[in-house]
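This report concerns only the one structure given below.
The values are calculated or read from the model by the stated rules, or taken from the named source; none is laboratory data. Since this is a predicted model, take the numbers as computed values, not measurements. Neighbour counts are summed over all protein chains in view; Cβ atoms, including those assigned to glycine, are modelled from backbone coordinates with ideal geometry. We work out accessible area using only protein heavy atoms, side chains counted, and drop any ligands, DNA or RNA first. Shrake-Rupley method; radii C 1.70, N 1.55, O 1.52, S 1.80 Å.
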Amino acid sequence: MTSVADLVQRNKELAASHTPIPTFAEMAGLGMGPPKTAILTCVDGRCSPENFVGLKPRDALVIRNICGHLAPALADIAGLDAFIGFNEIMVVHHTDCGATHFTNEMLRDTLKKRLPEHEANVDAMTFGAITDIEQSVKDDVDLFKKSPLIRKELAEHTYGFVYDIKTGLLTPVEQ
Ligand SMILES: [Zn+2]
């Protein structure tokens, strides 16, 4: 088990050899624009862009939620696209995702026991449960293409992948 205290200790060790990261003003002075690629992926630490593409701070913006779904990330992606103007989006779901190990109903039942006075709110919640990883990527990329809140040009440059946590490979998912 890794606690917050453990992580804070690790930060102190890492900060000792930290290379300062440029501010927006410094980047502008160097003629460096913001990243134009976004990666939408799972919260799972086994599915980290730092691991699967060796992500560096200025390569891409990363948006993460359970499984890596568009619906809970819609405001972030639309808002950042308005601010930055993305060129491309990469949707990455992964093998053995926790979202294949629970159902939305299971989580609702647990929450309703904890929050009996908020049943109606809990009933309106979904938690990203899926049964098929490849289908899940297809469904999310399809949602990009159908969402009226995502720019058409960006939806056309949205690409889906499955990350295999055993081989380390990203496999493109054809629509
Ligand atoms: Zn996952």
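Descriptive notes on the structure:
- DSSP bridge orientation in segment 35-173 - percent antiparallel, rounded to nearest 5: 20
- Note: segment 35-173, Cα convex hull, 117 Å³ per residue.
- Entry comment: accessible area of the chain is 62 Å² per residue, from protein heavy atoms only and a probe of 1.4 Å.
- Rounded to whole Hz, the Karplus (6.51, -1.76, 1.60) HN-Hα couplings of segment 135-151, x for glycine and proline: 5, 4, 5, 4, 4, 6, 5, 4, 4, 4, 6, 8, 5, x, 9, 9, 4
- Note that segment 95-100 has calculated 3J(HN,Hα) couplings of 5, 6, 4, x, 5, 8 Hz, one per residue in order, obtained from phi through the Karplus relation 6.51 cos²θ - 1.76 cosθ + 1.60 (θ = phi - 60°); glycine and proline are x.
- For peptides 54-65, 27-38, sequence by mean Cβ density within 10 Å, most packed first: 54-65, 27-38
- Across segment 116-121, coupling constants 3J(HN,Hα) worked out from phi with the 6.51/-1.76/1.60 Karplus curve, θ = phi - 60°, read x, 7, 10, 3, 5, 4 Hz, and Gly and Pro carry x.
- Accessible carbon and sulfur surface of segment 19-121 relative to its total accessible area, %, 1.4 Å: 60
- Partner lysines for Lys145 [C-alpha distance under 25 Å; skip if fewer than 8 residues away on the same chain]: Lys36
- Sequence-distant residues sharing a close amide H with Gly160 (under 5 Å, placed H): Val91, Val173
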